[in-house]
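**Student:** Structure incoming, see below.
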Amino acid sequence: CTAEDMGSSKFMPEHVHPLAVLDIRLCNTDRHPGNILVRESRGVVSDLVPIDHGYALPGEVGSAEFEWLHWPAAKRPFSEAARTEILAIAVEGVNKLLKTRLHVVRAACLDTLAVCTTLLQRGVTAGLTAHDIGTLMTRPYCRRDEDPQPSQLEMLVAEAKLQCDSTEPMLQCFGRLAGHH
């Protein structure tokens, strides 16, 4: 079934956190309950399987949409094992690997991956939950007659672009700024 067929209270952190890590890193702009499959047997959930990644890795950081954002498990701390795995991600190494293996990935999309992975790592280091980090990536609610406001991540990326110069790459500048916010 899909996540919309079940109550989110049945989803445990060990199911939700890997999904959240994937969506945060890929800056998924369309994670709704219809594209999360649920493996379950007799009412017990064994896994959440994300499908349809057509709106992942946008060319620039925009408004992310995360169905899991308000699920109870997303508000629970990451396990020590998850924290260790997240902090072990070598952002530059992953981007180099992807450049050599996937020649069709645009540089701007790899920048999005690097920015969002850096945000995830800084958030985990600061003790933030998946909910906290995801909230930094989503735009605040506004009425239809109002202009949408940027997310905190969008503002931080814009600030990094303004502050960086030819001697400091934007991603390095972003990493420095993300450590201060």
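The values are calculated or read from the model by the stated rules, or taken from the named source; none is laboratory data. All of these numbers come straight from a predicted model, not from anything done at the bench. Every residue, glycine as well, gets a Cβ built from its backbone with ideal geometry; the counts of neighbours run over all protein chains shown. Heads up: the accessible areas ignore ligands, DNA and RNA and are worked out on the full protein's heavy atoms, side chains in. Shrake-Rupley method; radii C 1.70, N 1.55, O 1.52, S 1.80 Å.
**Student:** Name the residue, out of Leu113, Leu171, that is open to solvent by 50 Å² or more (accessible area, probe 1.4 Å), closer than 19 Å to Gly93 by Cβ, in contact with a Cys (Cβ under 9 Å, 6 or more places away or on another chain) and not charged (D, E, K, R).
**Tutor:** Working: Leu113 fails: open to solvent by 50 Å² or more (accessible area, probe 1.4 Å).
Answer to the selection: Leu171.
**Student:** Right, next: Within segment 133-155, how many residues are open to solvent by 40 Å² or more (accessible area, probe 1.4 Å) and closer than 12 Å to Thr29 by Cβ?
**Tutor:** Initially, segment 133-155 is screened for residues open to solvent by 40 Å² or more (accessible area, probe 1.4 Å), giving 135-136, 139-141, 143-150, 152, 155.
With the extra rule that they be closer than 12 Å to Thr29 by Cβ, the set shrinks to 139.
Residues that pass the stated criteria total 1.
**Student:** Further question: Is there any pair linking a residue in segment 46-73 that is open to solvent by 70 Å² or more (accessible area, probe 1.4 Å) to one that is of a type in the set (Asp, Glu) and modelled with pLDDT under 95, with Cβ under 9 Å and at least six apart or on different chains, and which?
**Tutor:** Ser46/Glu40; Asp52/Asp30; His53/Asp30; Tyr55/Asp30; Tyr55/Glu65; Glu60/Asp111; Glu60/Glu154; Glu65/Asp30
**Student:** Select from segment 7-17 the residues that are in a helix (DSSP H, G or I) and either without any contact (Cβ under 8 Å) to a residue 24 or more places away in the chain or among the hydroxyl-bearing types (Ser, Thr, Tyr) (or both) and write down the one among them that is least open to solvent (accessible area, probe 1.4 Å). Let's see the steps before the verdict.
**Tutor:** We begin by selecting, within segment 7-17, every residue in a helix (DSSP H, G or I); these are 8-10, 13-17.
Next cut, either without any contact (Cβ under 8 Å) to a residue 24 or more places away in the chain or among the hydroxyl-bearing types (Ser, Thr, Tyr) (or both) only: 8-9.
Working: Ser8: 34, Ser9: 91 Å².
Among those that are in a helix (DSSP H, G or I) and either without any contact (Cβ under 8 Å) to a residue 24 or more places away in the chain or among the hydroxyl-bearing types (Ser, Thr, Tyr) (or both), it is Ser8.
**Student:** Filtering segment 19-45 down to residues that are surrounded by 16 or more Cβ atoms within 10 Å (Cβ to Cβ) and basic (Lys, Arg), which residue is farthest from Leu171 (Cα to Cα)?
**Tutor:** So the residue we want is Arg31.
**Student:** Only one residue in Leu162, Leu102 is within 19 Å of Gly62 (Cβ to Cβ), hydrophobic (A, V, I, L, M, F, W, C), at pLDDT below 85 and surrounded by fewer than 19 Cβ atoms within 10 Å (Cβ to Cβ). Which one?
**Tutor:** Details: Leu102 fails: within 19 Å of Gly62 (Cβ to Cβ).
Result: Leu162 is the single residue among Leu162, Leu102 that is within 19 Å of Gly62 (Cβ to Cβ), hydrophobic (A, V, I, L, M, F, W, C), at pLDDT below 85 and surrounded by fewer than 19 Cβ atoms within 10 Å (Cβ to Cβ).
**Student:** Can you report the number of residues in segment 79-99 which are under 20 Å from Leu19 (Cβ atoms) and open to solvent by less than 50 Å² (accessible area, probe 1.4 Å)?
**Tutor:** Qualifying residue count for the region: 4.
**Student:** Let me ask you something else. Are there any helices (runs of 4 or more DSSP H) wholly within segment 98-178 with 2 or more residues that are over 15 Å from the mean Cα position of the chain (by Cα), and if so which? Talk me through it step by step, then tell me what you get.
**Tutor:** Details: elements: 107-125, 130-137, 152-163, 170-178.
Qualifying helices (runs of 4 or more DSSP H): 107-125, 152-163, 170-178.
**Student:** Are any residues in segment 30-87 within 23 Å of Ala114 (Cβ to Cβ) and in a strand (DSSP E or B), and if so, which ones?
**Tutor:** Arg31, Pro50, Phe66
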